[in-house]
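The values are calculated or read from the model by the stated rules, or taken from the named source; none is laboratory data. These numbers come from a predicted model, not from an experiment. All Cβ positions, glycine included, derive from the backbone under ideal geometry; neighbour counts span all protein chains shown.
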Number of protein chains: 2
Amino acid sequence: MFGVERRSRILLLLQEKKSMLVHEIAVIFGVTEETIRRDLKELEKGGLILRTHGGAILADESKTEAALEVREGINSAGKDAIGKEAAKLIHDGDTVILDASTSSLFVAKHIKDKKGLTVITNAERIIFELSDCEDVTLISTGGILRQKSLSYVGKTAETALSNYHVSKAFISCKGFSPQKGLMDSNEQESDIRKAMLQRSEKAIFLCDRMKFDKVGYVVTAQLGDFDYFITDAPIPADWNEALKESNVALVVAL
Amino acid sequence: MFGVERRSRILLLLQEKKSMLVHEIAVIFGVTEETIRRDLKELEKGGLILRTHGGAILADESKTEAALEVREGINSAGKDAIGKEAAKLIHDGDTVILDASTSSLFVAKHIKDKKGLTVITNAERIIFELSDCEDVTLISTGGILRQKSLSYVGKTAETALSNYHVSKAFISCKGFSPQKGLMDSNEQESDIRKAMLQRSEKAIFLCDRMKFDKVGYVVTAQLGDFDYFITDAPIPADWNEALKESNVALVVAL
DNA sequence: AATTAAATCAACATATATAAACACAAATAA
DNA sequence: TTATTTGTGTTTATATATGTTGATTTAATT
């Protein structure tokens with residue numbers, strides 16, 4: 001059996017059982033656990049599964065709440081650190097765009113005490129988070145609520161964005177590599193992010209370590225579209241070159 | 001079971017029970033309380049729950065509830081009855097507008113089990129209430145959030161409305177009398193309601209007894225603009241005449 | 001305020017799980 | 001053929017999840 005074949009079978013098994021142990025899978029295919037671990041890494045990079053200690057679970061997008069909220073739990077420390085650093089780029093009186101990502105939600109949590117801010121977003125969770133901040137003018141794009149992500153997408157939301165022009169946009173994604181750029185797994189979310197980038201003077205890319213070298217099937221943007229790259233871990237050595245070439249400032253939050 | 005799984009299950013349990021004891025959770029999953037405490041810390045870091053001495057509660061509840069509780073508390077029994085009656089006018093597959101009023105919120109609470117609904121609203125509170133209903137397509141007008149009422153107002157919100165046409169709009173107000181019509185105390189809220197009435201085939205006026213003969217300083221609509229008048233108490237004798245003249249159906253919820 | 005029982009925290013222990021470096025054999029290319 | 005790559009197995013050091021214990025904090029009651 002070839003590796004690809006095994007990996008696709010692992011996916012099928014996971015779809016059935018929802019979660020499995022590395023050991024369990026290794027026995028089924030008669031290979032070492034190390035091999036399975038490598039398979040799982042591969043599958044995780046494609047965003048198909050979620051690796052855990054001892055095994056893996058299906059990255060089931062359809063399981064709205066549970067999946068979404070567990071995902072939020074992943075590397076929340078890192079995302080919080082990123083949010084804190086990103087917040088430093090926002091000053092009293094600024095007008096900014098926050099996208100519908102957990103990373104941006106953490107940015108929102110760190111700007112509550114700033115004065116005279118205007119925040120434009122398509123994320124219901126961010127609206128909820130900031131709705132009690134008297135000193136923040138909150139603008140929602142409106143549109144059809146995508147329940148999986150609790151964000152507004154579609155033509156309405158994009159059109160709404162075109163009414164504004166801001167100084168800074170904070171954008172995340174599903175996966176990133178310097179060669180392929182920012183990738184998402186949902187076209188609508190990708191489109192909204194593209195629209196956001198167009199409406200902003202400067203762009204800040206929020207990229208926690210879990211996104212490194214992950215992939216999605218739709219390209220949202222390229223590294224060169226951004227002015228800042230904020231992350232929570234040392235980046236792979238060869239990325240520095242790409243950042244310099246694209247003239248993107250690197251911020252590592254710790 | 002993996003840690004992530006357990007944590008996501010804990011969330012589900014909390015959503016069900018609202019609050020739980022550490023001990024209680026530990027027994028359910030067959031792990032030590034220390035492990036559960038670590039889980040709860042993790043979830044708290046992500047802002048999903050609030051830890052208490054001995055257990056945890058859901059993070060969400062507090063904010064929106066508390067903020068609007070006062071307003072909702074006013075004749076909430078009557079408004080609930082009105083909401084229930086109003087919900088009877090909504091059928092599977094309908095597209096409706098709900099305004100940003102407590103009365104409309106109660107309508108929302110009574111339509112959660114209907115199929116294939118589309119709800120257009122400018123009320124954050126209603127979006128929040130319906131955001132977990134898989135069978136409801138939720139459309140937000142978007143715009144600038146008016147924090148006092150947690151509703152979207154302004155030109156953006158009004159323009160967004162003009163993209164839609166619905167079969168029924170549910171509207172409330174601050175005060176009403178047959179002679180003066182529906183009155184509000186906020187021009188922006190009034191304008192949104194006017195826009196909503198224009199976008200709807202039929203209009204339903206939600207008017208609990210507390211609004212009888214109250215006044216506001218801006219007139220939103222006249223009785224004749226509506227098809228139904230739903231209230232929770234016998235109306236003053238001389239109002240019947242006006243209702244009949246305007247060809248408005250009276251529904252008294254009890 | 002003082003007392004007390006319970007809950008929490010911090011530090012450590014431990015069994016697994018994982019990552020990293022290397023080895024090797026089969027498949028592929030030169 | 002010989003070299004190179006690729007996938008897998010092996011070994012060892014490291015990391016992780018959970019449990020355990022004892023000190024500390026908290027909340028409830030006197």
Checklist entry - For region A:83-185, list the helices (runs of 4 or more DSSP H) that sit wholly inside it and hold at least 3 residues that are assigned by TED's automatic domain parsing to the domain that holds residue A:46 and of a type outside the set (Phe, Trp, Tyr); which are they? => result none
Checklist entry - Residues A:159, A:137: which one is under 25 Å from residue B:151 (Cα atoms), in contact (Cβ under 8 Å) with a residue 12 or more places away in the chain and among the β-branched types (Val, Ile, Thr)? => result A:137
Checklist entry - Counting only residues that are in contact with a strand residue (DSSP E or B) (Cβ under 7 Å, 6 or more places away or on another chain), under 15 Å from residue A:128 (Cβ atoms) and facing chain A (nearest Cβ under 9 Å), how many does region B:113-141 have? => result 6
Next on the checklist: Here is a list: A:156, A:121. Which entry is modelled with pLDDT under 95 and either of a type in the set (Ser, Thr, Tyr) or at positive phi (or both)?
Outcome noted: A:156
Checklist entry - residue B:192 versus (1) part of a strand (DSSP E or B); (2) surrounded by 24 or more Cβ atoms within 10 Å (Cβ to Cβ): which is the lone unmet condition? => result (1)
Checklist entry - Pairs under 7 Å by beta carbon, first residue farther than 19 Å from residue B:3 by Cβ in region A:38-54, partner among the polar types (S, T, N, Q) and more than 7 Å from DNA strand C (Cβ to nearest atom), six or more apart or different chains? => result A:47/A:185
Checklist entry - For region A:207-254, which residues satisfy the criterion of being charged (D, E, K, R), exposed (fewer than 14 other Cβ atoms within 10 Å of the Cβ) and within 23 Å of residue A:89 (Cα to Cα)? => result A:244, A:245
Checklist entry - For residue B:168, which of the numbered conditions (1) modelled with pLDDT of 95 or more; (2) buried (at least 22 other Cβ atoms within 10 Å of the Cβ) fails to hold? => result (2)
Checklist entry - Does residue B:125 satisfy being surrounded by 21 or more Cβ atoms within 10 Å (Cβ to Cβ) and over 19 Å from residue A:153 (Cβ atoms)? => result yes
Checklist entry - Would a scan of region B:89-97 turn up a residue that is surrounded by 24 or more Cβ atoms within 10 Å (Cβ to Cβ) and within 13 Å of residue B:193 (Cα to Cα)? => result yes
Checklist entry - If you go through region B:144-187, how many residues are more than 14 Å from chain A (Cβ to nearest Cβ), aliphatic (A, V, I, L, M) and farther than 21 Å from residue B:85 by Cα? => result 1
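Okay, residues lined up against (1) modelled with pLDDT of 95 or more; (2) within 12 Å of chain A (Cβ to nearest Cβ); (3) farther than 30 Å from residue A:134 by Cα:
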{"site": "B:1", "(1), (2), (3)": "no, yes, yes"}
{"site": "B:4", "(1), (2), (3)": "no, yes, yes"}
{"site": "B:12", "(1), (2), (3)": "no, yes, yes"}
{"site": "B:26", "(1), (2), (3)": "yes, no, yes"}
{"site": "B:32", "(1), (2), (3)": "yes, no, yes"}
{"site": "B:42", "(1), (2), (3)": "no, yes, no"}
{"site": "B:48", "(1), (2), (3)": "no, yes, no"}
{"site": "B:78", "(1), (2), (3)": "no, no, yes"}
